[in-house]
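Engineer: One structure follows; several queries about it will come next.
What follows draws every value from the coordinates through simple rules; no lab data is involved. What you see is a predicted model; the values in this text were computed from it and never measured. Heads up, the Cβs are rebuilt from the backbone with ideal geometry, glycines too, and the neighbour counts pull from every protein chain shown.
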Amino acid sequence: MPGSINNGRPLAVDDPNEQHYQHAINDRGIEEGYVEEYAEKPPLPTKRKFYKKKKFWIICLSVGLVIFIVVLLLILFVAFPKIAQSIMNKANLSVREANISFSNPQTTGTITKRDGEIDTNSTFYMSMVTDMSNTGPFHADIKFQNPIEVYYNETMIGSITLPDSKIAGGKGVLEAVTPFVIADTAYFAAFTREMLAREKFTWTLKGKLKITALTRTATIDLNKDIVLEGKFPYHNL
């Protein structure tokens with residue numbers, strides 16, 4: 001204060017204890033100031049992890065759906081013919097019943113052409129019930145591109161006509177009543193003699209067919225063996 005002895009300056013403290021006390025007060029004041037300064041600031045909000053956010057899962061589901069659609073389209077439009085061919089290659093054909101006749105089993109008449117009765121040395125009727133198995137899990141429609149060629153020991157002996165068929169759940173049944181048109185009468189005669197002497201014989205069916213599944217249609221190759229009983233049953237000979 002004006003007029004005081006020390007002219008406003010703080011009094012010197014000569015006592016060491018008093019000096020320590022004064023420093024302690026000053027330090028405590030500074031510490032309390034810091035505490036008060038930090039205490040006034042609100043706590044920082046906890047940041048949510050990215051995988052717990054709803055937006056993250058929406059993006060993941062959207063991307064996953066797009067990938068699924070792309071893969072499905074690739075299967076339907078690119079891989080389907082290969083898948084269908086693979087299924088057909090692995091499928092099994094088992095002849096349950098087979099008969100041949102020169103009279104149409106579905107009628108009482110004989111086989112005829114426009115110009116009269118056909119040559120029975122080159123054509124006869126064949127009725128056949130065939131079980132199809134291991135045809136894959138999908139429902140499918142099969143349409144054969146007739147005629148289907150018939151081979152014996154890698155030599156074509158004739159051709160047949162097969163009807164449309166269906167498969168589902170890995171199996172199906174093919175029921176056919178078809179003219180068998182002999183390709184080589186001399187070779188077929190030799191085959192007939194061999195057939196009557198054997199318990200079983202194997203034919204190979206070759207051709208093409210259309211298979212429709214999952215809204216897609218593919219044309220694939222047919223190359224399947226069928227085993228028939230020897231001493232072939234004849235009717236109306």
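Engineer: Identify the residues of the stretch 139-164 with backbone N under 19 Å of a label point that sits 7 angstrom from the Cα of Arg198 along the Cα-to-Cβ direction, or state none.
Structural biologist: 149-160
Engineer: What relative contact order, as a whole-number percentage, does the stretch 67-235 give when Cα pairs under 8 Å and 6 or more residues apart are counted?
Structural biologist: It rounds to 26 percent for the stretch 67-235.
Engineer: Rg/Rh for the stretch 67-235 to two decimals, with Rh computed the Kirkwood way over all alpha-carbon pairs.
Structural biologist: 1.04
Engineer: Antiparallel DSSP bridges in the stretch 67-235: what percent, to the nearest 5?
Structural biologist: Rounded to the nearest five, the antiparallel share is 95 percent.
Engineer: Also, quick follow-up: Sorted from fewest to most neighbouring beta carbons within 10 Å, what does the list Thr155, Thr215 look like?
Structural biologist: Exposure proxy ranking, most exposed first: Thr215, Thr155.
Engineer: Roughly speaking, what is the stretch gain from Leu228 to Lys55, that is 0.36 nm per residue apart minus the C-alpha to C-alpha distance, in nm to one decimal?
Structural biologist: 55.8 nm
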